[in-house]
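Everything below concerns the one structure shown next.
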Amino acid sequence: MATTNFSSGSGQENENSPKSTTTPPSFTGASSSSAVESGNEDGIKPKNFSSFGPRPIYFPNLFSELVFILQAMAAIAMTTFFQGASAIITFPISQSLHMSQGQITWITASTALTSGAFQLGLGQAADLLGRKNMFLIGMGSFSAFSLLVSFAQNPYWINIVCGVVGLSAAMVVPPAIGIMGAAYGKPSKRKNLAFSAFGAGNPLGFVFGTLLSGIVTQAAGDWRWTYKLICMIWALFTIIGFWTVPKVEAYPESMRLKERGKRFAKKFDSVGTVLTVFGTGILSAGITLGPTDGWKEAHIIAMIILGVALLIAFGFWETVCPNPLMPPHIWKDRNFTLILLTCVTGMMAFSAANFWLAFFLQEMQRLSPIMVAVHLLPQAVAGLIMNTTAGLILHRINNTLLLAIGSAAYTGAYVLLSLMKPDSTYWAFIFPTLILGVIGADFHFNVANMYVMQSLPSDKQALAGGMFQTIMKLGTAISLGVTTAVFESGGGTSSATGDHMVPYTNAFRVSIGLSAAGFLFLPFIRVKTQGHAPVEKSKVAGGDVEAVAGDGDREKREGGKEQKT
């Protein structure tokens, strides 16, 4: 097969071929050390076709494949589930632990901050040391530290442990993406649906987190049981994972632990990891603390300057490091860069708006946690529908158009919230906001995730996933800090103007600006469709078989006639 040259502007569909695919460039040569690439290429069984394409060889049957996809959804849902569960009990937590508004924000921000800051390094570590082991360790530690949150006695306890919970989540998402990206090696309808289901974990995690948190808090009369429930759910996922998570590694099966350790010591970008962790951590902390401590305070200014300086140093280091966490040449692909910018601004708007909407329902409308969860439930239904839809249309509809629809949906949603009053009807404002927000999140995530995962080879899939999730999570942490500053500048929950809606309106207007920023990048993005399978020829008993790897077409016997692909 012909490979795409980096400078050729890949990512654009061949106008003369309706079956052509937007394929991001492969930025490294063909690396064959991955276990997924040994034997049958990309882990695909040529004979094992269904209407959606071949099932990866790592899954002996459909049931095992579906169970793993559920595990992967649970992995990407960890942070949003935790944040959603926390969002609807912020009011009782603040009263129980005597927390300020800034401290309340840190419950969510600390989780997003550590989850984002560590994912790059842990993504590379997963590819070098082992994806399955890191996946299970992360799941187990997430369960354990969630239990520790339930025993919090003061603001510092809960915020610090929530940060550690985010670190556990950072251990799980890159290997989950790495396993999926390597197992579903070739573009296909099946891969589109698998990654769409995976992407559904993000919005569904938030909604189911709010729902279960509301139910258990209402039943037990204590917010602490929310975190005990999270502990039990992910303990179960950890146990099941020992049997259901396939061992799809980026190294040969014969490589021993000692050899992997030496390889890790040689190839792991430790300097880049330190720079990105401290740079993103200090910068995000400065932005989040600014509203409560004061932007003119010396330590806030110092944190912001130091954080920016460390990130600049990280960018320079990546240009000279032989095995960088974030290969600098990927940013030369215009589509890659602009898609990520579009998606991160949308996710910043989505995360911030969801946080303040949940707080609005508690503080302004005085709803109980269970009623807050019920009010947010339409997001779950919409998430299921839209992710399935995205998986079915990625290979049919221009993906730049899908990004534009997503940005428009985001912007429309937060315009509605900004016009809302304390006594506004749910069906006129909040309900359409929930639906539109999910449309934006799902379309953006599916297009971006598919493009990013095809930008790096299979032995770097966990790293690719870590890059994508790092940018998204850090955007979330920054947006919460910025909107908290705007919220507090409007008087917080005790507005000096007497209009207690002003702080919320201001925060929602920030989300409008963030989501609308995506329109600045859309005119320069050239991505048509993704997910069409390349036509390849396979040798099977009885002659040559031309198979569309993953496109679901039936095998076509050519009677010994050989066609050039």
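Every number here is computed from the coordinates shown, using simple stated rules; none is lab data. Everything numeric here is computed off the predicted structure, so don't read it as measured data. Cβ: placed from backbone, ideal geometry, glycine included. Neighbour counts: every protein chain shown.
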* How far is it, in nm, from the label point at Ile397 to the one at Met232 when both lie 7 Å from their Cα along the line to the Cβ? -> 4.0 nm
* Set the Förster radius R0 to 41 Å, insert the Cβ-Cβ distance between Val274 and Ala428 as r into 1/(1 + (r/R0)^6), and round the FRET efficiency to 0.05. => 0.25
* Structure fact -> One would report the Cα pair-distance distribution of the range 270-322, bin width 5 Å, in %, as 4, 24, 27, 18, 12, 8, 5, 2, 0
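Could you order peptides 167-178, 62-73 by the average number of other Cβ atoms within 10 Å of their residues, highest first?
With the highest mean Cβ count within 10 Å placed first, the list reads 167-178, 62-73.
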* Looking at this model, which pairs from Lys132/Lys332; Lys186/Lys332; Lys228/Lys421; Lys296/Lys421; Lys191/Lys247 are more than 30 angstrom apart at the alpha-carbon? -> Lys132/Lys332; Lys228/Lys421; Lys296/Lys421
* Of Arg55, Arg396, Arg190, how do they rank once you tally other Cβ atoms within 10 Å and put the fewest first? -> Arg396, Arg55, Arg190
* **Local electrostatic count at Gly290 - Lys and Arg +1, Asp and Glu -1, tallied over other residues with Cβ under 13 Å** => -2
* **Trp295/Tyr156 FRET efficiency (R0 22 Å; Cβ-Cβ; nearest 0.05)** => 0.45
* Structure fact -> A correct Stokes-Einstein calculation for the range 240-332, using the alpha-carbon Kirkwood radius, 10 °C and 1.306 mPa s, returns a whole-number D in µm² s⁻¹ of 98 µm²/s
* How big is Rg to Rh over the range 348-477, alpha-carbon atoms, Rh as the Kirkwood inverse-mean-distance radius? -> 1.03
* For the pair Met364 and Val308, what calculated FRET efficiency results from E = 1/(1 + (r/R0)^6), where r is the Cβ-Cβ distance and R0 = 30 Å, to the nearest 0.05? -> 0.25
